[in-house]
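Peer 1: Here it is: the structure, laid out below.
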Amino acid sequence: MLYTPKSTCDFLSEDNFDEEFTILENQLSLYRQSGFLNCHDGVKLNYKYYLNKNATKNVVIVHGLSEFIRKYHEMIYFYLNNNCNVFIYEQRYHGYSDRPILNYDLIHVDSFDDYVKDLSTFIDTVVKAKNDLPICLFSHSMGGAIVGLYLQQNPTTIDKAIFCAPMICPTMQNVPRIIMRNYAKSYAKKTSWDTPFKYSHTFNPNVKVEESNDLSEKRFLMNLSSRILDDHNKCSAFSNKWIYEATFLQSKLIKK
């Protein structure tokens, strides 16, 4: 079923957020199409998409570290009402995508190139298969790093890209990247590359909005409840290999 955009659309109000968000999700469910994408190494990624009756472009949402699709429902709704088809997938070890190591709290990757290949496969296999409209990317945090690496390899595929707080120069608690890299490598020798990094944090269901950077308490609580109620959304601790790979991002993304 094709979505028909509303004549006017704004983001949800803070005062009536819970009620409006429930209505929004019920509407989205009528137009949602889902699938699993087979990646280059056999990992399967969970994805959703929404097709628009008046679409002028495709928007692909590339989420950040420890995020999941439900967190973007309000944004999906906003793009749909601005004449866009919307495509979104969950990164490996996130949401309902594959976890080769069954630990709902762990975020692991052998190489950030795997993330880039995942995005490339998603665009080529799912997005382009639907139409030949211009493709725009919205990326947040880790997703911004992935999109930056993707654009280096595919400079003509995408028409526009939005980088929201991209993870290009991670500060890593003010510890120099070379020290963090060597520590992760050393710690991996004692444990393994795919075990949680010593100083990463597991999911905390008792975190308060004051401890976050969120400006909307209602959205913060919605996100937190989504993680408390669904184990698939609880990923938080990153592996030794993930932090090791992340230390190379600045040199890779800024050199060109």
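The values are calculated or read from the model by the stated rules, or taken from the named source; none is laboratory data. All values reported here derive from a predicted model rather than from experimental measurement. FYI the Cβ positions are ideal-geometry reconstructions off the backbone, even for glycines, and counts take in every protein chain you see. All accessible areas refer to the heavy atoms of the entire protein, side chains included, with ligands and DNA or RNA removed. Shrake-Rupley method; radii C 1.70, N 1.55, O 1.52, S 1.80 Å.
Peer 1: Please compute the Kirkwood hydrodynamic radius of segment 48-147 from all pairs of different C-alpha atoms, in Å with one decimal.
Peer 2: With all distinct Cα pairs of segment 48-147 included, I get 14.0 Å.
Peer 1: Does a label point 7 Å from the Cα of Lys44, set along Cα-to-beta-carbon, have any residues of segment 108-151 with amide nitrogen under 17 Å, and which are they?
Peer 2: 122, 126
Peer 1: Per DSSP helix of 4 or more residues, -39500 (n - 2.57); summed, then divided by the residues of the chain. What does that give at 222 nm, rounded to the nearest 500? Before the final figure, lay out the partial values.
Peer 2: Numbers: 8 runs with 84 residues, N = 256.
Helix contribution divided over all residues of the chain: -10000 deg cm²/dmol.
Peer 1: Any idea how far the Cα center of segment 222-239 sits from the one of segment 122-190, in Å?
Peer 2: 21
Peer 1: Tell me which chymotrypsin sites (Phe, Trp or Tyr not before Pro) from segment 27-132 have a DSSP coil assignment and no more than 16 other beta carbons within 10 Å of their own. Before the final figure, lay out each step's value.
Peer 2: Details: sites: Tyr31, Phe36, Tyr47, Tyr49, Tyr50, Phe68, Tyr72, Tyr77, Phe78, Tyr79, Phe87, Tyr89, Tyr93, Tyr96, Tyr104, Phe112, Tyr115, Phe122; in loops: Tyr31, Phe68, Tyr93, Tyr96, Tyr104.
Passing sites in segment 27-132 are Tyr104.
Peer 1: What list of ³J(HN,Hα) values in whole Hz, one per residue of segment 128-139 in order, does the Karplus curve 6.51 cos²θ - 1.76 cosθ + 1.60 (θ = phi - 60°) give from phi, with Gly and Pro shown as x?
Peer 2: 5, 5, 8, 5, 10, 5, x, 10, 10, 10, 10, 10
Peer 1: Moving on. Can you give me the distance in nm between label points at Asp113 and Lys128, each placed 7 Å from the Cα along the Cα-to-Cβ direction?
Peer 2: Label-label distance for Asp113 and Lys128, simple model: 2.0 nm.
Peer 1: With a ≥ b ≥ c the root eigenvalues of the C-alpha gyration tensor of segment 159-220, is it rounded (a/c under 1.5), prolate (a/b larger than b/c) or oblate?
Peer 2: In terms of gyration-tensor shape, oblate.
Peer 1: Hey, what do the phi angles of segment 211-224 turn into as Karplus ³J(HN,Hα) couplings, whole Hz, using 6.51/-1.76/1.60 and θ = phi - 60°, x for Gly and Pro?
Peer 2: Result, rounded to whole Hz: 8, 10, 9, 5, 9, 10, 5, 5, 5, 4, 5, 4, 5, 5.
Peer 1: What is the angle, in °, between the Cα long axis of helix 142-153 and the longest principal axis of the Cα atoms in the chain? Nearest 10 is fine, range 0 to 90.
Peer 2: 90
Peer 1: Could you run the Debye sum over the Cα atoms of the chain, one equal point scatterer each and no solvent, and tell me log10 of I(q)/I(0) at q = 0.07 Å⁻¹, two decimals?
Peer 2: Reported log10 I(q)/I(0), two decimals: -0.24.
Peer 1: Further question on the same structure: Farthest toward the dipole's positive end in segment 53-119, which of Ser66, Tyr115, Asn82, given Cβ charges of +1 (Lys, Arg) and -1 (Asp, Glu) about the Cα centre?
Peer 2: Asn82
Peer 1: With the other protein chains left in place, how much accessible area per residue, in square angstrom, belongs to the chain at a 1.4 angstrom probe? Before the final figure, lay out the partial values.
Peer 2: Working: 12760 Å² over 256 residues.
Computed with neighbouring chains in place, this is 50 Å² per residue.
Peer 1: Also, quick follow-up: What residues of segment 65-103 lie in the reach of a label at Gln27, counting those whose backbone N is under 18 Å from a point 7 Å from the Cα along Cα→Cβ?
Peer 2: Residues passing the 18 Å test: 70-87.
Peer 1: Write out the GluC sites (Glu not before Pro) in segment 1-53 meeting two conditions: DSSP loop, and at most 12 other Cβ atoms within 10 Å of their Cβ. Before the final figure, lay out each step's value.
Peer 2: On the way: sites: Glu14, Glu19, Glu20, Glu25; in loops: Glu14.
Counting only loop positions with at most 12 other Cβ atoms within 10 Å, the GluC sites (Glu not before Pro) in segment 1-53 are Glu14.
Peer 1: If you look for lysine pairs in segment 151-256 that are eight or more places apart or on different chains, how many of them have Cα atoms under 17 Å apart?
Peer 2: Lysine pairs meeting the criterion: 10.
Peer 1: While we're here: Could you grab the relative contact order for the chain? Cα pairs under 8 Å, six or more apart, rounded to a whole percent. Could the numbers behind the result be given before it?
Peer 2: Working: 429 pairs, mean separation 54.8, N = 256.
Over the chain, the number comes to 21 percent.
Peer 1: Largest first, what is the accessible-area ranking of Trp193, Trp242 with a 1.4 Å probe?
Peer 2: Heavy-atom accessible area, descending, gives Trp193, Trp242.
Peer 1: At 1.4 Å probe size, with the rest of the protein present, what percent of the exposed accessible area of segment 168-219 is carbon and sulfur atoms?
Peer 2: In segment 168-219, the share of accessible area belonging to carbon and sulfur is 52 percent.
Peer 1: A further question follows. Can you tell me how much longer the chain between Lys6 and Gln250 gets when fully stretched, taken as 0.36 nm per residue apart minus their C-alpha distance, in nm with one decimal? Write out the running numbers ahead of the final one.
Peer 2: On the way: separation 244, 0.36 × 244 = 87.84 nm, distance 4.12 nm.
Gain on extension, Lys6 to Gln250, equals 83.7 nm.
Peer 1: Which shape class, rounded, prolate or oblate, goes with segment 1-63 when its Cα gyration tensor gives a ≥ b ≥ c as root eigenvalues, a/c under 1.5 marks rounded, and past that a/b bigger than b/c marks prolate? Please list the in-between numbers first.
Peer 2: Details: a/c = 2.37, a/b = 1.66, b/c = 1.43.
Prolate.
Peer 1: Can you give the charge dipole size of the chain about its Cα centre, rounded to the nearest 20 debye, using +1 on the beta carbon of Lys and Arg and -1 on the beta carbon of Asp and Glu? Walk me through the numbers before you get to the answer.
Peer 2: Values: 29 positive and 28 negative charges, 203 e Å.
Dipole of the chain, to the nearest 20 debye: 980 debye.
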